[in-house]
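Throughout, read-outs are computed from the coordinates displayed, never taken from laboratory work. What you see is a predicted model; the values in this text were computed from it and never measured. So basically every Cβ, Gly included, is an ideal-geometry build from the backbone, and we count neighbours across all protein chains shown.
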Amino acid sequence: MYKMCQEGWDTGTTVEMRQASYEFIDFLESSWIRLAEFYPAKHFDGSDPKVFIRKYIQDRFKFHWAKHEPEGPGTGGTIVGVMTGGDVIADLEAMIADTVTALFPGNESIDLNLWLKQWRRKP
């Protein structure tokens, strides 16, 4: 998925770059939701994992968008959407790594250090 999205990011066209980020965010969201299935129902804030994770993503978008426009909404230009997408991706990648680490400590079938190294390495 990363390599597919990289083609969109490499275009340098804001619309295509943002679309690639949204596609990758959707992939990361689905991955995190799948990991959440290892937890009891309503484990995250008493809600369905999909609801919790989607709210998290929406909140991260709001934060990063505002962060990139310190002069107020609409002042950062079209690049703000690209930068915000990248920041949300980084947040989701970190949350997935944290979740995997929490779910599988001491699990002999998974080498967490190797998994984390591979997860953090971009193709």
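Once you order the gyration tensor axes a ≥ b ≥ c over the Cα atoms, which shape class does segment 1-48 get: rounded for a/c under 1.5, otherwise prolate or oblate by comparing a/b with b/c?
Prolate, since a/c reaches 1.5 and a/b exceeds b/c.
How large is the charge dipole for segment 2-120, taken about the Cα centre, if only the Cβ atoms of Lys, Arg (+1) and Asp, Glu (-1) carry charge, to the nearest 20 debye?
Magnitude of the dipole: close to 180 debye.
Can you compute 3J(HN,Hα) from phi for each residue in segment 49-56, using the Karplus curve 6.51 cos²θ - 1.76 cosθ + 1.60 with θ = phi - 60°, rounded to whole Hz and x for Gly and Pro?
x, 4, 5, 4, 5, 5, 5, 4
First select every other residue whose beta carbon is under 14 angstrom from the beta carbon of residue 49; then total the charges, Lys and Arg +1, Asp and Glu -1.
+1
Sum -39500 (n - 2.57) across every DSSP H segment of at least 4 residues in the chain, then divide by the residue count to get the 222 nm mean residue ellipticity, nearest 500. Let's see the in-between values first.
Details: 5 runs with 84 residues, N = 123.
Calculated from helices alone, the mean residue ellipticity at 222 nm is -23000 deg cm²/dmol.
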